[in-house]
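Some notes on the structure that comes next.
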Amino acid sequence: MQDFDAASLALPGIRQLQPYQAGKPIEEVERELGIQNIVKLASNENPLGISHLVREALTQKISSLARYPDANGFYLKQALADKFGIAMNQITLGNGSNDVLELLARTYVTAEHEVIFAQHAFVVYPLVTKAIGAKPVAVPAKNYGHDLDAMLAAITPKTRMIFVANPNNPTGTFLTTAELQDFIAKVPRHVLVVLDEAYYEYVPERDRAPSLQWIEDYPNLVVTRTFSKAYGLAGLRAGYAVSHPQVADLMNRIRQPFNMNELALTAALAALQDDDFIQRSVQLNAEGMAQITTFCDAHGLPYIPSHGNFVTIEVGPKAAEIYQQLLQQGVIVRPIAGYELPNHLRVSIGLPEENAKFCAAMETLL
Ligand SMILES: *Cc1c(COP(=O)(O)O)cnc(C)c1O
């Protein structure tokens, strides 16, 4: 044992990684603090739960779980292709969209490459970049969001991938269709642009970029989406990428054969049929967003205007303490010091009574 140094044997990129910090699970807070009736507003989950169509489909499927899933996810791909007017061979399914983000990096990025993303961007981008040993290039944010001109200026011959989240997490900032298209048109073809649209459903239809249709003109564009947010399936892990068919073909070669499990395939397919559930979720989110931002306005708490199902509030240098005190009161939010926002807390929009509980707890701390 004395002669075994696990770290020195590991890949250099992996040695220096910090593990992903997830939102604190409800059960953990119950266990650690011995309190009940906890409200979790920490992981941008859908407070409505799941669609009744999903519940029915899952219940039916339980009895066939002894079988392997369809490794190609035929029916889910067919439904996605129909819904969005794309071809089935453009789709790569994943165990959450995190899975496809990692597949993209592993397919295209080596230790010799550079990967660009914005400051305050989703931590999975630096994580998959560093794991490979590639050079992460974090471009300083502009008004908390992407500075697209600076990101273009950061491109070098070594750049292989650029991650752009729209809306961005954890800041909720949003790029317009014109801004995005102008950017993508200027990115050279040797660089893949990964446009992460995890919060796509929360964007009003008139503001949504026709990103999937752009792939024909910009074959280096890859769009990722998820069933974890508006569709309410975070616990199942279901996401996908839409790309040029050749990109999908390459990703398919390193994908684990059954990376999307049978229940996830089943639930995602059923969830796609329930437009009403998405509408209600989006409506509830708009109302909850107003509830929390009205509270912030009334108490002089600055926040970053958000286009997602969460809002990032500037609570000051005591953010870590406030986070702990909220926990004591049974409200879990998300500290985001790891995103270079040490004075902010990210709060997911919950049910009206959950939002009210957050506001009431916050009020006692001001
Ligand atoms: C939540 C989120 C995802 C989705 O992750 P899944 O693996 O699909 O659950 C992807 N990107 C961003 C920016 C997110 O906030």
Practice task
Kindly indicate which of Gln324, Gln273, Gln256 is more than 20 Å from Thr226 (Cβ to Cβ) and either at pLDDT below 95 or polar (S, T, N, Q) (or both).
Solution key: Gln324
Exercise for the section: Give the residue that is nearest to Asn46 (Cα to Cα), with candidates limited to residues of the stretch 221-239 that are open to solvent by 10 Å² or more (accessible area, probe 1.4 Å) and more than 9 Å from the ligand (Cβ to nearest atom). Expected result: Gly232
Completion exercise
All-but-one check, Leu76 against (1) more than 21 Å from Asn309 (Cβ to Cβ); (2) more than 16 Å from the ligand (Cβ to nearest atom), failing number (2)
Handout entry: Only listed residue being open to solvent by less than 40 Å² (accessible area, probe 1.4 Å), under 30 Å from Gln324 (Cα atoms) and either assigned to a loop (DSSP other than H, G, I, E, B) or in contact with a Phe, Trp or Tyr (Cβ under 6 Å, 6 or more places away or on another chain) (or both), chosen from Tyr125, Tyr20
Key = Tyr125
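Table: residues versus (1) hydrophobic (A, V, I, L, M, F, W, C); (2) within 16 Å of the ligand (Cβ to nearest atom).
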position: Tyr144; (1), (2): no, yes
position: Pro157; (1), (2): no, no
position: Ala165; (1), (2): yes, yes
position: Thr171; (1), (2): no, yes
position: Ala178; (1), (2): yes, no
position: Phe183; (1), (2): yes, no
position: Val193; (1), (2): yes, yes
position: Glu201; (1), (2): no, yes
Handout entry: From Ala337, Ala319, residue being touching a His at 6+ places or on another chain (Cβ under 7 Å), within 27 Å of Ala165 (Cα to Cα) and surrounded by fewer than 21 Cβ atoms within 10 Å (Cβ to Cβ)
Key = Ala319
Practice task
Using the structure shown, decide if Leu152 is more than 30 Å from Ala286 (Cα to Cα) and either outside any loop (DSSP other than H, G, I, E, B) or open to solvent by 40 Å² or more (accessible area, probe 1.4 Å) (or both).
Solution key: yes
Completion exercise
In the stretch 108-121, anything closer than 16 Å to Asn220 by Cα and open to solvent by 40 Å² or more (accessible area, probe 1.4 Å) is listed as Tyr108
Exercise for the section: Count, please, the residues in the stretch 91-108 that happen to be more than 10 Å from the ligand (Cβ to nearest atom) and within 24 Å of Gly232 (Cα to Cα). Expected result: 4
Practice task
Scan the helices (runs of 4 or more DSSP H) fully inside the stretch 267-366 and keep the ones with 1 or more residues being without any contact (Cβ under 8 Å) to a residue 60 or more places away in the chain, closer than 30 Å to Pro19 by Cα and small (Gly, Ala, Ser).
Solution key: 319-328, 352-365
Problem - Boolean, Glu28 is of a type in the set (Asp, Glu), surrounded by fewer than 20 Cβ atoms within 10 Å (Cβ to Cβ) and either within 23 Å of the chain's Cα centre (by Cα) or outside any helix (DSSP H, G or I) (or both) - result: yes
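The values are calculated or read from the model by the stated rules, or taken from the named source; none is laboratory data. Quick caveat: nothing in here was measured; it's all calculated off a predicted structure. Note that each Cβ is placed from the backbone with ideal geometry, even for glycine, and that neighbours are counted across all protein chains shown. To get the accessible areas, we keep the full protein, side chains included, count just its heavy atoms, and leave off ligands, DNA and RNA. Shrake-Rupley method; radii C 1.70, N 1.55, O 1.52, S 1.80 Å.
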